[in-house]
Structure formats: C-alpha cells, structure tokens
Amino acid sequence: MASLQEQLTRIEGGALAAKAALLMTFDRDTVKQQGGKVAVRDLSTNGNHGRGRGVKLKKGVAGECAVFDGRGRIITANDASLQIMGDQTIAMWLRPTALGARRNPLNKSYGAECTWTLEKNGSIHYYYGSAGKNSKPYQGIGSGRIPKGRWTHVAVVRDTHAGVVLWFINGQPRRSVKMTVKPSASKYPLLLGDGYVEPYVGDIDEVAMFPSALSAADIASLYRLGKRGHSLNRAGD
C-alpha cells in the first residue's frame, strides 16, 4: 500500500496535470506507431496531439519515454493554447546521450513563446522574446550543466508578474534571472526533438507546459512523482 506521502504526491500531480496546456507522457497507451510514423496523444484538455517520425519508445522514468536519435521529431499545431505570452512553466525529464553540438529538445520560437537549446557543454538555455518570430529581441537564460547519459528533471518558470525566469534542476531552484524582454506569440508549431539548430539526441519523458508560473513546491511535486516512477498520465489515480 502506498504511503500517505506518496498518495499526496500523486494527488498533487493530478491537480497539476489538469492545469497543463500540453502534456505528453509517452506511455505506451498514449502513442501509436505505424512504420516510421508516430502519433502522440496530448493528455491536456487542449488536444495538442503530436505527429512525427523516427521516434521510438523504451522504459523511461515513469512508464515509457520517447527516444530521439537525431533524425526524429514530434510536431504539434500552432494552437492558441500554446501561444503563451504571459506566465509559463515548462518541465520534463531529459537524458541526453550526445553533446558537442547545439540541439533542441523543445522548440517553438526563440524570439517569441519559448525554445530550449541544449548547448555543447550540457547546459540548457531557455529563450523567449518579443519579436514574434526567430529574431531579436530575445533573452537567453542558462540552467547550468546537466549530465550526459543520466536522467535529470528540468523545469523553467517564467513569472511575468515578478519579472523573473527561474530554473529548477531535480526539483531544486538553480537560478533566477530578471526578465529583460516581453514575451510574444508566433505562428510556428511546437517541436519536440528538433528546432532551429541540430536535432536532439537522447531520451525525453513527462513533457508538461503550463500557462502559469508554478511554485517551487509544484516543481518539487513533479520531480517527486517521476522519481517514484509515477507518470502524470495516471497521477491522482
């Protein structure tokens, strides 16, 4: 029987999952594969389902995860729910297996809503901007390095009311930086595993995007849920 703390963590995870603008857990019952093509169900209420190619599944942090080999990608439509111009939180588990090049685990627009770029040294830069396209002005804020070949829970919070961007690594605050530009919306789709630089090589699990600035306690809950092997797909059960 699950402990009280574990039950509370799953209840907290379920409440957070209900607030997501995008939620892809890659559990086998949420993914359809046919030939080299893949369809991934968005578990949020927005129906931002993804389609792609060259993506495989294997055991992940919680359930299954998506495996990107540098040629695969998942793409969603440019839904209004993903055109987040205010508060924003993005969280996922990452296990990069190749560094040495700039790669995109997640990309929409570095001059608009958001982009994550895994830098050559293993640091992730979060970009957003006011251009409404891939152009200046934008701001880039690094997370600090994450390890190659090991799972790390990474989350970034853009709090427009406080005027700061905060990075969290494995549920703990890592960095806080003052915002210098105003977020805008673009006409681009959201991509996982690909973007404006090189494609991502490695594993991704439990991708969640929120149109709100989650608290430090919320981020810690997301981390604990995955650490205990529970997917947001079934959080709250």
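Only a single item in (1) more than 29 Å from Asp69 (Cα to Cα); (2) modelled with pLDDT of 95 or more is not met by Leu191, and it is number (1). When the test is whether a residue is farther than 19 Å from Gly226 by Cβ and under 14 Å from the mean Cα position of the chain (by Cα), Asn134 does not pass it. Residues of region 57-67 being part of a strand (DSSP E or B) and either farther than 16 Å from Gly35 by Cβ or of a type in the set (S, T, N, Q) (or both), which ones? Matches in region 57-67: Lys58, Lys59, Glu64, Cys65, Ala66, Val67. Across region 110-127, not a single residue is classified as over 27 Å from Gly72 (Cβ atoms) and of a type in the set (Ser, Thr, Tyr). Each residue in region 115-147 was checked for being basic (Lys, Arg), within 19 Å of Tyr200 (Cβ to Cβ) and exposed (fewer than 14 other Cβ atoms within 10 Å of the Cβ), and 1 pass.
Residue count for region 174-209, restricted to those that are in a strand (DSSP E or B) and either of a type in the set (S, T, N, Q) or touching a helix residue (DSSP H, G or I) at 6+ places or on another chain (Cβ under 8 Å) (or both): 6. Look at (1) in a loop (DSSP other than H, G, I, E, B); (2) crowded, with 16+ Cβ neighbours inside 10 Å and you find that Leu106 fails only one, number (1). Among all residues of region 136-157, there is none that is in contact with a Phe, Trp or Tyr (Cβ under 8 Å, 6 or more places away or on another chain), modelled with pLDDT of 95 or more, assigned to a loop (DSSP other than H, G, I, E, B) and aliphatic (A, V, I, L, M).
So that you can scan it fast, the table gives a plain yes or no per residue for (1) more than 22 Å from Arg103 (Cα to Cα); (2) buried (at least 23 other Cβ atoms within 10 Å of the Cβ); (3) at pLDDT 95 or above:
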site	(1), (2), (3)
Met1	yes, no, no
Gly14	yes, no, no
Phe26	no, yes, yes
Thr30	yes, no, yes
Asn48	yes, yes, yes
Lys59	yes, no, yes
Ile74	no, yes, yes
Ser81	yes, no, yes
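Of Gly70, Gly47, all but one fail to be of a type in the set (Gly, Ala, Ser), closer than 19 Å to Asn107 by Cα and in a loop (DSSP other than H, G, I, E, B); the exception is Gly47. Tell me whether region 83-95 contains one or more residues that are more than 26 Å from Val164 (Cβ to Cβ) and within 17 Å of the chain's Cα centre (by Cα). Yes, some residue in region 83-95 is more than 26 Å from Val164 (Cβ to Cβ) and within 17 Å of the chain's Cα centre (by Cα). Per the listing Ala98, Ala112, the residue uniquely in contact (Cβ under 8 Å) with a residue 24 or more places away in the chain, buried (at least 21 other Cβ atoms within 10 Å of the Cβ) and in a loop (DSSP other than H, G, I, E, B) is Ala112.
Can you work out which of the residues in region 164-173 that are on the phi < 0 side of the Ramachandran plot and either assigned to a loop (DSSP other than H, G, I, E, B) or of a type in the set (Phe, Trp, Tyr) (or both) is surrounded by the fewest Cβ atoms within 10 Å (Cβ to Cβ)? Going through the qualifying residues, I end up with Trp167.
The values are calculated or read from the model by the stated rules, or taken from the named source; none is laboratory data. Just so you know, these numbers come straight off a predicted model, no measurement behind them. Using ideal geometry, Cβ is built from the backbone for each residue, glycine included, and neighbour counts are taken over all protein chains shown.
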